[in-house]
Amino acid sequence: MKKLRILFLAAIAAVVTSCSQKTPDNQQVPNGFVLVKGGSFKNTKSKYYGQSGSIPDFYVGKYEVTQKDWMAVMGNNPSKFKGDNLPVETVNWYDCVEYCNKRSIKESLKPYYTIDKNKRDPDNTNTIDSIKWTVTTDADANGYRLPTEAEWEYAADGGQLSKSYTYSGSNNIDEVAWYWKNAGDKYLTGVWSWPTLQNNNNKTKPVGSKKPNELGLYDMSGNVREWCWDWHELNGPNDFQGRIWRGGGWIGADFCCASSFRGDHEASGKGPDQGFRVWRGM
């Protein structure tokens with residue numbers, strides 16, 4: 001419990017730093033985004049529930065970043081499953097922070113990240129990660145960014161409107177998520193196996209195809225895993241440092257789609273179930 005409290009307070013501090021400007025009541029919400037009012041965690045299933053601290057207000061994308069969004073900024077499409085309204089995937093963490101900056105510049109916003117591709121991050125000890133750019137943040141920027149882990153879970157939980165669902169928007173996973181059982185030609189049962197998923201033509205689905213959560217956010221459970229800003233805390237000398245992902249994906253099991261589930265991956269890692277969603281400064 002003490003460790004969770006420390007992690008929560010650290011996450012809150014990061015959020016306060018990155019979202020220090022309070023949104024006026026008459027602030028116009030950017031197109032495609034939802035204004036999430038901050039506060040303490042209401043979802044009783046969250047590890048953050050009952051902890052001290054408060055999440056500030058923020059803007060979050062209503063949908064996962066689509067391939068159309070990505071191509072308009074980056075000029076390429078790395079995705080395995082092609083379609084304008086499908087979530088972009090096969091993107092690593094570095095790809096995503098670079099997208100955030102390029103989209104910010106394109107829309108005349110101040111980039112949130114400073115990316116030094118020539119300086120290897122001294123805090124990144126993951127031997128698998130061959131990129132290791134040094135990425136720092138600008139708390140005064142109003143550009144696009146990845147969420148902190150606490151922000152992501154707060155949004156997935158429904159913020160102040162939370163009904164304490166297990167998944168983002170429902171206790172019935174099939175209402176809100178594309179995951180290994182329902183992301184193919186037919187509904188699968190039994191035990192997970194990769195050949196079964198391949199034979200069933202499992203893949204990503206158009207964003208917004210399932211029921212939204214209490215805040216009107218789609219696909220925060222399932223479809224593609226979503227990168228977050230935070231580092232995974234090391235649990236011993238043999239543990240690998242990576243960046244947190246949340247939400248589960250079309251390949252994964254149902255428990256990975258729970259709003260409280262947390263996974264991690266080396267920042268240079270990518271796959272056809274790895275995507276992201278953007279937050280925006282106020």
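The values are calculated or read from the model by the stated rules, or taken from the named source; none is laboratory data. Predicted, not measured: the structure shown is a model, and the values here were computed from it. With ideal geometry, Cβ positions are generated from the backbone for all residues, glycine too; neighbour counts draw on all protein chains shown. For the accessible areas, the whole protein counts, side chains as well, though only heavy atoms, and no ligand, DNA or RNA atoms are used. Shrake-Rupley method; radii C 1.70, N 1.55, O 1.52, S 1.80 Å.
Give the residues of region 82-95 that are open to solvent by 20 Å² or more (accessible area, probe 1.4 Å) and assigned to a loop (DSSP other than H, G, I, E, B), sorted by residue number.
Start the filter on region 82-95 by keeping residues that are open to solvent by 20 Å² or more (accessible area, probe 1.4 Å), which leaves 82-86, 90, 95.
Within region 82-95, LYS82, GLY83, ASP84, ASN85, LEU86, THR90 qualify.
Filter region 89-118 down to the residues that are closer than 19 Å to ASN31 by Cα and either polar (S, T, N, Q) or touching a Pro at 6+ places or on another chain (Cβ under 8 Å) (or both) and list them by number.
Once the filter is applied, which keeps residues that are closer than 19 Å to ASN31 by Cα and either polar (S, T, N, Q) or touching a Pro at 6+ places or on another chain (Cβ under 8 Å) (or both), region 89-118 yields CYS100, ASN101, SER104, ILE105, SER108.
Please list, ordered by first then second residue, the pairs with beta carbon atoms under 8 Å, 6 or more apart or interchain, first in region 237-258 and more than 21 Å from PRO147 (Cα to Cα), second at pLDDT below 95 and of a type in the set (Ser, Thr, Tyr).
PHE240/THR127
Sort through TRP227, TRP180, TRP152, TRP192 and tell me the only one that's among the hydrophobic types (A, V, I, L, M, F, W, C) and surrounded by fewer than 19 Cβ atoms within 10 Å (Cβ to Cβ). So that I can check it myself, show each step before the final result.
Details: TRP227 fails: surrounded by fewer than 19 Cβ atoms within 10 Å (Cβ to Cβ); TRP180 fails: surrounded by fewer than 19 Cβ atoms within 10 Å (Cβ to Cβ); TRP152 fails: surrounded by fewer than 19 Cβ atoms within 10 Å (Cβ to Cβ).
The match here is TRP192.
Looking at region 96-111, is at least one residue part of a strand (DSSP E or B), open to solvent by 60 Å² or more (accessible area, probe 1.4 Å) and either acidic (Asp, Glu) or out of contact with any helix residue (DSSP H, G or I) (no Cβ under 6 Å at 6 or more places or on another chain) (or both)? Full working, then the answer.
Going residue by residue through region 96-111, those that are part of a strand (DSSP E or B) are none.
So far as region 96-111 goes, no, none of its residues is part of a strand (DSSP E or B), open to solvent by 60 Å² or more (accessible area, probe 1.4 Å) and either acidic (Asp, Glu) or out of contact with any helix residue (DSSP H, G or I) (no Cβ under 6 Å at 6 or more places or on another chain) (or both).
Could you check region 121-140 and list, in sequence order, the residues that are surrounded by 13 or more Cβ atoms within 10 Å (Cβ to Cβ) and charged (D, E, K, R)?
Scanning region 121-140 gives ASP121, ASP129, LYS132, ASP138.
Give me the helices (runs of 4 or more DSSP H) completely within region 122-215, filtered to those with at least 2 residues that are over 20 Å from the mean Cα position of the chain (by Cα) and of a type outside the set (D, E, K, R), ordered by residue number.
Result: 194-199.
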